[in-house]
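Taking it in order: structure first as structure tokens, then the write-up.
The values are calculated or read from the model by the stated rules, or taken from the named source; none is laboratory data. These figures come from a predicted structure and were not determined experimentally. Methodologically, a virtual Cβ is constructed for each residue, glycine included, from the backbone with ideal geometry; neighbour enumeration extends over all protein chains shown.
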Amino acid sequence: MYSPELLDHFEHPRNAGEVVNADVTVQVENPACGDILKLSLKVENGHIAEIRFLAKGCVPAMACGSALTELVRGRTIEAARGLRREDLVQAVGGLPETSIHASHLAMDALAAALKQVKI
């Protein structure tokens, strides 16, 4: 049902936790399913120097949080804003139709965090 990439991100999450002295912290919830994703990040010289996530929810929500941090860490803010949901879905090896909400949650959290970044 889940791809090997998705299961790997779930079983071995990357960048889990919270950034100490974060420049931005956001929490986004999906009221329909109850999933919660929290992102915290540190910005240096217009780049995402550090990003971490905490997730409560389904396997795909946790995997998307992990994959998202890998995709945007080190990128410029503008490049992170250009990340497409399809890029995230590809990074986790695809999502079943019933789990597509997990990618929306991650992208919504990223968008909320980037809105707060002061460059």
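Annotations
- Pick from the stretch 42-52, criterion part of a strand (DSSP E or B) and more than 11 Å from the chain's Cα centre (by Cα), ranking: farthest from Ala106 (Cα to Cα): Glu44
- Enumeration of residues in the stretch 79-104 that are of a type in the set (Asp, Glu) and at pLDDT below 95: Glu97
- Within the stretch 53-84, the residues that satisfy the criterion of being of a type in the set (A, V, I, L, M), farther than 12 Å from Met107 by Cα and touching a strand residue (DSSP E or B) at 6+ places or on another chain (Cβ under 8 Å) are Leu54, Ala55, Met62, Ile77.
- Filter result (in a strand (DSSP E or B), within 14 Å of Leu114 (Cβ to Cβ) and not hydroxyl-bearing (Ser, Thr, Tyr)) within the stretch 23-32: Val24, Val26, Val28
Residue-wise test of (1) surrounded by 20 or more Cβ atoms within 10 Å (Cβ to Cβ); (2) in contact (Cβ under 8 Å) with a residue 24 or more places away in the chain; (3) not in a loop (DSSP other than H, G, I, E, B).
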{"position": "His9", "(1), (2), (3)": "yes, yes, yes"}
{"position": "Asn21", "(1), (2), (3)": "no, no, no"}
{"position": "Gly34", "(1), (2), (3)": "no, no, no"}
{"position": "Leu39", "(1), (2), (3)": "yes, yes, yes"}
{"position": "Cys64", "(1), (2), (3)": "yes, yes, yes"}
{"position": "Glu70", "(1), (2), (3)": "no, yes, yes"}
{"position": "Leu83", "(1), (2), (3)": "no, yes, no"}
{"position": "Thr98", "(1), (2), (3)": "no, no, yes"}
{"position": "Leu105", "(1), (2), (3)": "yes, yes, yes"}
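- Selection count where residues are in contact with a helix residue (DSSP H, G or I) (Cβ under 7 Å, 6 or more places away or on another chain) and exposed (fewer than 15 other Cβ atoms within 10 Å of the Cβ), scope the stretch 72-81: 1
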